Amino acid sequence: MIIATDMPEVTQCAATQCAYNAESACHARAITIGNDSDPDCDTYFGNSSHTHSARTAGVGACKMTYCKHNDDLECGADSIQVGPNGGGSINCLTYTH
């Protein structure tokens, strides 16, 4: 069963080493963000093989309680961007405390 839902779109992903990344776009069905202290992309999967899916990922869940876009553990932003944070993690770059 496929459930259609309205999720914010991942409009850009700079994590080029992620298996879900193809041409700077995320092609997972949905991603999960955060662990309540860091806005990491929990769906990130480092791999030399990349998906061939044409779908565009959405944000399925957000565990960043204090993000201004968090609405009952779901992202309320219009869209998000994902990429390296400079410290070795892959983060939601749209995160705003």
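The values are calculated or read from the model by the stated rules, or taken from the named source; none is laboratory data. Since the structure is predicted, the reported quantities are computational estimates derived from the model, not experimental observations. Side chains included, ligands, DNA and RNA excluded: accessible areas come from the protein's heavy atoms. Shrake-Rupley method; radii C 1.70, N 1.55, O 1.52, S 1.80 Å.
Taking the protein heavy atoms of the chain in the context of the full set of protein chains, the accessible area attributed to carbon and sulfur is 47 percent at 1.4 Å. Accessible surface of Lys63, taken over heavy atoms with a 1.4 Å probe and every protein chain present, rounds to 90 Å².
Based on protein heavy atoms only, the chain ends up with 61 Å² per residue of surface accessible to a 1.4 Å probe.
Solvent-accessible area of Arg55, all protein chains in place: 100 Å² (probe radius 1.4 Å, heavy atoms, ligands and nucleic acids excluded). Relative to the 2.2 N^0.38 Å rule of thumb, the chain has a C-alpha radius of gyration ratio of 1.00.
Restricting attention to the chain, close to 60% of DSSP beta bridges with both partner residues there are antiparallel.
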